[in-house]
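Read through the structure below, which is laid out as structure tokens, and then see the notes.
The values are calculated or read from the model by the stated rules, or taken from the named source; none is laboratory data. Everything numeric in this text was worked out from a predicted model, so none of it was measured. Counting neighbours? That spans all protein chains shown, and the Cβs are built from the backbone with ideal geometry, glycine included. For accessibility, only protein heavy atoms count, side chains too; no ligands or nucleic acids. Shrake-Rupley method; radii C 1.70, N 1.55, O 1.52, S 1.80 Å.
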Amino acid sequence: MWSFFHKLGSPPWLYRIAGSILSWLLPLTLVALAAGAVWGLLYTAPDFRQGNSYRIIYIHVPAAVVALAGYYVMAIAGGISLIWKMKMADVAMKSCAPVGAALTFIALVTGSIWGKPTWGTWWVWDARITSMLILLFLYLGVIALYEAYDNKDAAGKACAVLSLVGTVNIPIIYKSVDWWYSLHQPASIKFTGESSIDPSMLYPLLLMIGSFYALFTCALLMNMRLEILRREARTGWVRKLVGA
Amino acid sequence: MYFDSFHAALVMDGHGAFVWAAYAITAMVLIILLLTPVLRSRRLRRELAGEIRRREMTQTGREGPHASST
Amino acid sequence: MAPGALAFCSRILRRQLVLALRRPVDIGNPLLFFAMVVALFPLGLGPAPAALAGFAPGILWIIALLANLLTADNLFRGDFEDGSLEQLLLSPQPLYLSVLAYTLAQWLVTGLLLALVSPLFAVMLGLSASAIPVLMFSLLLGSAVLSLVGGIGAALTVGLKRGGMLIALLILPFYMPVLIFGSAAVQAVAGGMDASAHLAILGAMLCFAIALAPLAIGAALRISIDA
Amino acid sequence: MAPGALAFCSRILRRQLVLALRRPVDIGNPLLFFAMVVALFPLGLGPAPAALAGFAPGILWIIALLANLLTADNLFRGDFEDGSLEQLLLSPQPLYLSVLAYTLAQWLVTGLLLALVSPLFAVMLGLSASAIPVLMFSLLLGSAVLSLVGGIGAALTVGLKRGGMLIALLILPFYMPVLIFGSAAVQAVAGGMDASAHLAILGAMLCFAIALAPLAIGAALRISIDA
Amino acid sequence: MLEAVDLGLVRGGRDLFQQLSFEVGPGQLVQIEGVNGAGKTSLLRILAGLSRYGFSGRVIRHAPLMYLGHHSAVKGMLTPRENLAWHISGEGSYSPGEIDDALARVGLYGYEDVPSHALSAGQHRRVNLARLYLSRAPLWLLDEPFTAIDKGGVAELEALLVRHATAGNAVILTSHQSLSVSYPVAMLDLLTGLAA
Amino acid sequence: MLEAVDLGLVRGGRDLFQQLSFEVGPGQLVQIEGVNGAGKTSLLRILAGLSRYGFSGRVIRHAPLMYLGHHSAVKGMLTPRENLAWHISGEGSYSPGEIDDALARVGLYGYEDVPSHALSAGQHRRVNLARLYLSRAPLWLLDEPFTAIDKGGVAELEALLVRHATAGNAVILTSHQSLSVSYPVAMLDLLTGLAA
Ligand code: HEM
Ligand SMILES: Nc1ncnc2c1ncn2[C@@H]1O[C@H](COP(=O)(O)OP(=O)(O)OP(=O)(O)O)[C@@H](O)[C@H]1O
Ligand SMILES: Nc1ncnc2c1ncn2[C@@H]1O[C@H](COP(=O)(O)OP(=O)(O)OP(=O)(O)O)[C@@H](O)[C@H]1O
Ligand SMILES: [Mg+2]
Ligand SMILES: [Mg+2]
């Protein structure tokens, strides 16, 4: 166990192992995504209330779910990097941000597109939507902070502080946005979520959620490999790798 | 397949534009997401290789007064 | 030999206040600023009195938040640029308390001041009189949280050549819960309900922020000084 | 021997833009900032769609104004502190044009950018689609005036050790007419009326500002450099 | 190149100098002397035309000048190459090759593309001094140009100043170090005026 | 007072120094040597504990230290008296008389109440140097303390450093000028280490 942690802290080992995981996980993910999308788009019956527009659910919900989970991955990695001074945790944290931001963006855009046919408007200041928007801000804040530092060592530490502060705040943010919404006049529009979902719709949804998790992992690993290369550019093993 | 024709699948009873746009945007974002690290690491590798080659070549060339310690 | 930590903090506090308010007229500047920004809203949103009164809590809270945003970047920047921050980090005094003194000084000339004059602006915007004590109290509590959170952003960005906008990006998401509870508290009272739950939450946030924010600020300063 | 004044201006412009947007991500910062401040208003004022839609012109205009306020102080401060401003004043190039280039650069990354993305925010706040072109156009014209006026304030206060709040006090009164006409133009269209009179006034203000503000800025800079 | 007639300066209620008159002609290398706070920087800024506060008298400039002050005018966000290109852009057009050359001459070869805030104090100053290699102004006003520069750099800079003066131009500088050049240096004392 | 073991520093991809070990004991006056960009400032900041970036090795500090860097930490808005009082407030309690005394010693008598931004460059630095007269820290780390100081000021400062070392304390400083003191100055070369 301990030696595993030790290895995790070793850039060349991590670089290699990430590469070998990607070599099978990435193709598998892409196939699963394509299958899930075709299944959801063409082979399921439409929702009796929303008609065909509900097919957006197969990307909207997975993106939203994984984007949320991603923040916790990022914050935990940040915490590890600050507390145990593990540089590779820092790399993982940094690499989470663009992936999480992209998924959050997808959730927002697809939700917004979905809103037009169902609610008749592109945007409402609903609690969940608003907190999703704040989540996007948090991700982008981490990216902006990281990019602003020239010294990437310091950048990693600074982002770790930020994401750790974020973990404390994320529950507060979610709770407060929820509260905020229930305090005000509801916008007379509700998520359709409650309706128990038909198994024929559920299975492709589950497949898509799984694929999005796998996709998150793949993108994370790819970004980590890039970041490792960048940070270790002057070490012997990278020189050998590049020179060869 | 649920739809009768390709055209029906495209229109989706009037919701086609929304659904297809959502999927298209998602696909685009995902492609960018997966492609950027690949492209960037390729560029980085090229730059590093170039730097190593340059260093080997300019070992004898003009050197800044302070670069001598490397 | 070295003076007590509290004596040191009180010196920091005094120095920061002297720097902010060197001349007597300077005390008026933040007040005047608030008055002008308060005036912006009717100008921009249109002067319909009923609508304005309903939105007064939100408007005043947004102004408090913006005042904090405008001043947060300066919290450590001057000291970073002229080397005072290095001296602070090298001094044998506990950083936790020093940092608390910095944010306290900033709060005194933004949050506290705004809270004290807020009744005037509330009346100008037509807020009902019964809501004014809660408005003041919520501003007192909430703006202190804003100052502490703003301090984290300031410490994270102080070593960067560009500041300004970046700090806003970092801290605005964290300001949002404070804004929500602060304005909700006032709206609750204005609507005849009880605001104690909101105020309790703001108080809890403040305790939390006092306990944790100085730690984060200290860590961030040490990172920034070495960037 | 010396390059043409226009070539020199284009170099100033390029340098200022490089300084603002050194890295590609930097372009996103102002956009993100606008988005966050837009989100503050529903959070503070409440999410009721009808009320928000009514306030949308005012909110967007207030944001444009605040973005300008936040950045105005930095227009010359960095150059003053590191000595670049002295060099600018000593250079044989016409100060009028150089100063215009500085404000143009600032406008490009605040006003122009905000005007370009304002439709998105307008949709989020529920503004009617018919008002969006006028919103954009009024922001384009008006924010240029704001930048020029803000430049005067920046030039006047750049030599002073305290900046921030003082500049806000100096320029906010001049911002107010712009805010009034700008938001009134959008409100007029949203209410089904004609906005061309408002826009004409904004245009006149802009011509006026372009003609006079650089002169004032230049004079103020010469004073500040000797303070 | 430059004539100063009856200069007087009062700062913070203190008379710094009175009735100071002198003339700087081609080929002259003038060093302003004085203890800290004597008014050297103030005088240079007056000669450059940057300052008039508390000042009486007349300065007549017959030639374009270049002034390098305490502040280096080097932007940390920009690279030395960008900084230098910007500095001289008001004066003339230079090719990228000329700019890199000037940087190499001040010992910044290999640092052309490093952001300037990552340079050492002396390197930072050297970015600024690189302007001297490109400048076409006949009159140079330099305020403590040797600050933070190492011994080798000081010697090179002194040689450059002598070359400039020899070519029929003029230099007025302040420094707390004595120049070690084999060229006549005129000392300007703020109280007694110019002495050869 | 201070031990440095196996220090190494990489900055911007350049090896500045490697395996630098030395020890500074009581009574030592150490001058760090090197061209611009050699890494003197970086070393001092590492010794002070301010910087770790790119650094490997170990620094053991046996005594409280005082660090004066490039930046003067003097606020233009405050007077020299206020600035000095603030600077030393972390270290001990001093009476107003002691503070004015220290200012007088650095030649700022009569300037105690002028806002510091109205001081000349050298006077500005002197406010900072006044700390040395009050400091109780045995180890001083000074980065180019002679910058902008006139000749008389340099001589006084040198005398102060010698007094400090003679009293059994230690000084590590960087400077591009050679010290002219009748006290053994150990030279620290970043590449070859300490030489007496
Ligand atoms: C910009 C707009 C939107 C955003 C940001 C958004 C965001 C979210 C989030 C964060 C989730 C939660 C996933 C979870 O709880 O684990 C979610 C789930 C869901 N959303 Fe959206 N959404 C948006 C618009 C819409 C629209 C317009 C609809 C349909 C009319 C919709 C339908 C759903 C459904 C059915 C679920 C899953 C069921 C549930 O957990 O309640 N969303 N969305
Ligand atoms: N943040 C940084 N990033 C990258 N390189 C840096 C950074 N800071 C300093 N350097 C480099 O480290 C080297 C040493 O800098 P340092 O300031 O220690 O030099 P120095 O010996 O004090 O020089 P000087 O005599 O000019 O003051 C320089 O070459 C500089 O370019
Ligand atoms: N803005 C000001 N207001 C009042 N007094 C000033 C101002 N600026 C400078 N002084 C005073 O003018 C005097 C001369 O300053 P100046 O900077 O010209 O000195 P200097 O000869 O360059 O000194 P140094 O050798 O320290 O650089 C100083 O005594 C200073 O206190
Ligand atoms: Mg001077
Ligand atoms: Mg140095």
Conditions: (1) within 20 Å of D:Ser224 (Cα to Cα); (2) out of contact with any Lys or Arg (no Cβ under 8 Å at 6 or more places or on another chain); (3) not aromatic (Phe, Trp, Tyr). E:Ile46 meets all but one. Number of the miss? (2)
Breaking point among (1) assigned to a helix (DSSP H, G or I); (2) modelled with pLDDT of 90 or more, for E:Gly107: (1)
For D:Tyr102, only one of the following conditions fails: (1) at the interface with another protein chain (Cβ under 7 Å from one of its Cβ atoms); (2) open to solvent by less than 10 Å² (accessible area, probe 1.4 Å); (3) on the phi < 0 side of the Ramachandran plot. What is its number? (1)
Count of the stretch D:138-162 residues which are touching a residue at least 12 places away in the same chain (Cβ under 8 Å), over 14 Å from the mean Cα position of the chain (by Cα) and surrounded by fewer than 20 Cβ atoms within 10 Å (Cβ to Cβ): 2
Scanning the stretch E:142-176 residue by residue, those crowded, with 19+ Cβ neighbours inside 10 Å, of a type in the set (A, V, I, L, M) and more than 10 Å from every other protein chain (Cβ to nearest Cβ) turn out to be E:Leu142, E:Leu157, E:Leu161, E:Ala165, E:Ala170, E:Val171, E:Ile172, E:Leu173
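Right, A:Gly70: more than 16 Å from ligand 1 (Cβ to nearest atom), touching a residue at least 60 places away in the same chain (Cβ under 8 Å) and surrounded by 21 or more Cβ atoms within 10 Å (Cβ to Cβ) or not? Write out each step before concluding.
On the way: more than 16 Å from ligand 1 (Cβ to nearest atom): no; touching a residue at least 60 places away in the same chain (Cβ under 8 Å): yes; surrounded by 21 or more Cβ atoms within 10 Å (Cβ to Cβ): yes.
The answer is no for A:Gly70.
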Filter the stretch E:1-14 for residues that are away from chain F (no Cβ under 14 Å) and modelled with pLDDT of 90 or more; the one that is nearest to the chain's Cα centre (by Cα) is E:Leu2
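Of all residues in the stretch E:155-170, which are closer than 29 Å to E:His62 by Cα and not in a loop (DSSP other than H, G, I, E, B)? Spell out how you get there, then give the answer.
First, pick out the residues of the stretch E:155-170 that are closer than 29 Å to E:His62 by Cα: E:156-170.
Across the stretch E:155-170, the qualifying residues are E:Glu156, E:Leu157, E:Glu158, E:Ala159, E:Leu160, E:Leu161, E:Val162, E:Arg163, E:His164, E:Ala165, E:Thr166, E:Ala170.
With the structure loaded, tell me whether F:Gly12 is farther than 23 Å from E:Lys151 by Cα and within 16 Å of ligand 5 (Cβ to nearest atom) or whether it fails that test. Steps first, please.
On the way: farther than 23 Å from E:Lys151 by Cα: yes; within 16 Å of ligand 5 (Cβ to nearest atom): yes.
Here the answer is yes, as F:Gly12 does meet what is asked.
Quick one: which strands (runs of 3 or more DSSP E) sit completely within the stretch F:1-98 and have at least 3 residues that are within 18 Å of F:Leu132 (Cα to Cα) and open to solvent by less than 40 Å² (accessible area, probe 1.4 Å)? Spell out the reasoning first.
Numbers: elements: F:2-11, F:14-24, F:29-33, F:55-61, F:65-68.
Ranges flagged: F:29-33, F:65-68.
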Only one residue in A:Lys94, A:Lys116 is modelled with pLDDT under 90, among the charged types (D, E, K, R) and at negative phi, so which one is that? A:Lys116
Mind telling me which of the residues D:Ile223, D:Ile210 ends up being open to solvent by 60 Å² or more (accessible area, probe 1.4 Å), out of contact with any Cys (no Cβ under 7 Å at 6 or more places or on another chain) and under 13 Å from D:Ala155 (Cβ atoms)? D:Ile223
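Give the number of residues within the stretch F:15-31 that are within 12 Å of chain E (Cβ to nearest Cβ) and either more than 8 Å from ligand 2 (Cβ to nearest atom) or within 27 Å of F:Leu160 (Cβ to Cβ) (or both). Walk me through it before giving the result.
Within the stretch F:15-31, the first condition is being within 12 Å of chain E (Cβ to nearest Cβ), and the residues that meet it are F:16.
Next cut, either more than 8 Å from ligand 2 (Cβ to nearest atom) or within 27 Å of F:Leu160 (Cβ to Cβ) (or both) only: none.
Count: 0.
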Where residues in the stretch C:39-49 are surrounded by fewer than 21 Cβ atoms within 10 Å (Cβ to Cβ) and touching a residue at least 60 places away in the same chain (Cβ under 8 Å), which of them is nearest to the chain's Cα centre (by Cα)? C:Pro42
Taking the conditions exactly as written (in contact with a Pro (Cβ under 7 Å, 6 or more places away or on another chain) and either surrounded by 17 or more Cβ atoms within 10 Å (Cβ to Cβ) or assigned to a helix (DSSP H, G or I) (or both)), does C:Leu113 satisfy them or not? yes
Among the residues of the stretch A:103-155, write down those that are of a type in the set (A, V, I, L, M), facing another protein chain (nearest Cβ under 7 Å) and farther than 16 Å from D:Gly126 by Cα. A:Ile106, A:Val109, A:Leu133, A:Ile134, A:Leu138, A:Leu140, A:Ile143, A:Ala144, A:Leu145, A:Ala148, A:Ala154
In this structure, is C:Val145 more than 9 Å from every other protein chain (Cβ to nearest Cβ), of a type in the set (A, V, I, L, M, F, W, C), closer than 24 Å to C:Leu88 by Cβ and part of a helix (DSSP H, G or I)? yes
Just the residues that are facing chain C (nearest Cβ under 8 Å) and in contact (Cβ under 8 Å) with a residue 60 or more places away in the chain, please, taken from the stretch F:46-65. F:Ala48, F:Pro64, F:Leu65
Scan E:Leu179, E:Leu119, E:Leu139, E:Leu134 and give me the residue that is hydrophobic (A, V, I, L, M, F, W, C), under 12 Å from the mean Cα position of the chain (by Cα) and surrounded by 16 or more Cβ atoms within 10 Å (Cβ to Cβ). E:Leu139
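Can you say whether D:Leu60 is within 30 Å of C:Val186 (Cβ to Cβ), buried (at least 21 other Cβ atoms within 10 Å of the Cβ), touching a residue at least 40 places away in the same chain (Cβ under 8 Å) and more than 14 Å from chain E (Cβ to nearest Cβ), as far as the supplied structure shows?
Numbers: within 30 Å of C:Val186 (Cβ to Cβ): yes; buried (at least 21 other Cβ atoms within 10 Å of the Cβ): yes; touching a residue at least 40 places away in the same chain (Cβ under 8 Å): yes; more than 14 Å from chain E (Cβ to nearest Cβ): yes.
When the stated conditions are applied, D:Leu60 passes them.
Name the residue, out of E:Gly97, E:Gly76, E:Gly90, that is within 11 Å of chain D (Cβ to nearest Cβ), away from ligand 5 (no atom under 16 Å from the Cβ), out of contact with any Gly (no Cβ under 6 Å at 6 or more places or on another chain) and more than 27 Å from E:Ser178 (Cα to Cα).
Values: E:Gly97 fails: within 11 Å of chain D (Cβ to nearest Cβ); E:Gly76 fails: away from ligand 5 (no atom under 16 Å from the Cβ).
Among E:Gly97, E:Gly76, E:Gly90, only E:Gly90 is within 11 Å of chain D (Cβ to nearest Cβ), away from ligand 5 (no atom under 16 Å from the Cβ), out of contact with any Gly (no Cβ under 6 Å at 6 or more places or on another chain) and more than 27 Å from E:Ser178 (Cα to Cα).
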